[in-house]
Amino acid sequence: MSIDTTAINRRMSHFDRHDEVWLFGYGSLIYKVDFPYIERRPAYIRHWVRRLWQGSHDHRGTPQAPGRVVTLIPQAGASCVGMAYLIEPRTFAQLDEREKNGYLRFATALHFGEERTAEGLVYIATEENAAYLGPAPEADIARHIAASSGPSGPNRDYLLQLADALRGLDADDPHVFDIERHLVELIGHERGGH
Ligand code: SIN
C-alpha cells in the first residue's frame, strides 16, 4: 500500500447518505480542531489502545526523518478515550488530506457513557501501511520524538499537547504519560546543557 491513503478513503462510502457522521479522534484530532463540526463530546471506543507507533512524514517529521504519531492497536477488553465530533460528510475531504499518511477510515461503535452509543468513523494506520514504525520502548520513542520535527511543528509539541488533552479528558494512558515523562526529562537535560 502506498503511504497516501486519500484515494482509498474517498471510496469509503459507508456514511455518504448521512447528513451527519460521528468522527472519533484519539490523537491530534483531540486538540487540533481545524475543521468544522456541529457538536463534540468526549467518547471512547472499545478494544483498541493508543500507541505512538506510526511514522509521520508530513506533519511531525519528514520523508527522510519521520516523526512518531499515534495509531490504534487492537487489544481485547481495552478502551481508548478521545473526542467525538459530529461532522458533515463533506468535511472528510479535508480530514482525508490531513490524515493521508497511512490512515484509513474504519467504522466503529462510539460510546458516550454507560448508555449512549453511536456508529461512527475513526482513522487508523494499520501495520500494513508503509509509514508504520511499530513498537519500541517508551524511552526510545521519547528520544525519537525529541529529535523530530516537520511542517506541522516539533514532534515534542504533538506529544505534550496530546498528554495535556488526555489529562483534560481524565484519560488513563500509561503509554503516552510514560513517553511524556521521558520527554520532559530529555527537555530538562537540553535546557540544563547536559
Ligand atoms: C486522530 O487524532 O484521531 C488520528 C491521529 C492523529 O491525527 O494524530
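Would you kindly identify the helices (runs of 4 or more DSSP H) lying entirely within segment 92-194 that contain at least 1 residues that are within 15 Å of residue 31 (Cβ to Cβ) and either of a type in the set (Val, Ile, Thr) or more than 13 Å from the ligand (Cβ to nearest atom) (or both)? By residue number, 155-168, 174-191.
Within segment 34-49, the residues that satisfy the criterion of being within 13 Å of the ligand (Cβ to nearest atom) and closer than 24 Å to residue 134 by Cβ are 45, 48. Can we say residue 49 is under 25 Å from residue 113 (Cβ atoms), assigned to a loop (DSSP other than H, G, I, E, B), of a type outside the set (Gly, Ala, Ser) and in contact (Cβ under 8 Å) with a residue 12 or more places away in the chain? For residue 49, the condition - under 25 Å from residue 113 (Cβ atoms), assigned to a loop (DSSP other than H, G, I, E, B), of a type outside the set (Gly, Ala, Ser) and in contact (Cβ under 8 Å) with a residue 12 or more places away in the chain - is not met.
Filtering segment 41-68 down to residues that are within 11 Å of residue 26 (Cα to Cα) and of a type outside the set (Ser, Thr, Tyr), which residue is surrounded by the fewest Cβ atoms within 10 Å (Cβ to Cβ)? Looking at the filtered set, the residue picked out is 42. Counting only residues that are part of a loop (DSSP other than H, G, I, E, B) and either among the basic types (Lys, Arg) or within 11 Å of the ligand (Cβ to nearest atom) (or both), segment 13-33 holds 5 of them. Of all residues in segment 50-91, none satisfies the criterion of being more than 11 Å from the ligand (Cβ to nearest atom), within 14 Å of the chain's Cα centre (by Cα) and more than 26 Å from residue 138 (Cβ to Cβ). Just a yes or no: is a residue in segment 178-189 among the small types (Gly, Ala, Ser) and within 23 Å of residue 58 (Cβ to Cβ)? Scanning segment 178-189, I find no residue that is among the small types (Gly, Ala, Ser) and within 23 Å of residue 58 (Cβ to Cβ), so the answer is no.
Every read-out reported here was derived from the displayed coordinates using simple, explicitly stated rules and does not represent laboratory data. Because the structure is a prediction, the values reported are computed rather than measured. Here Cβ is always computed from backbone atoms with ideal geometry, including for glycine, and neighbour counts include all displayed protein chains.
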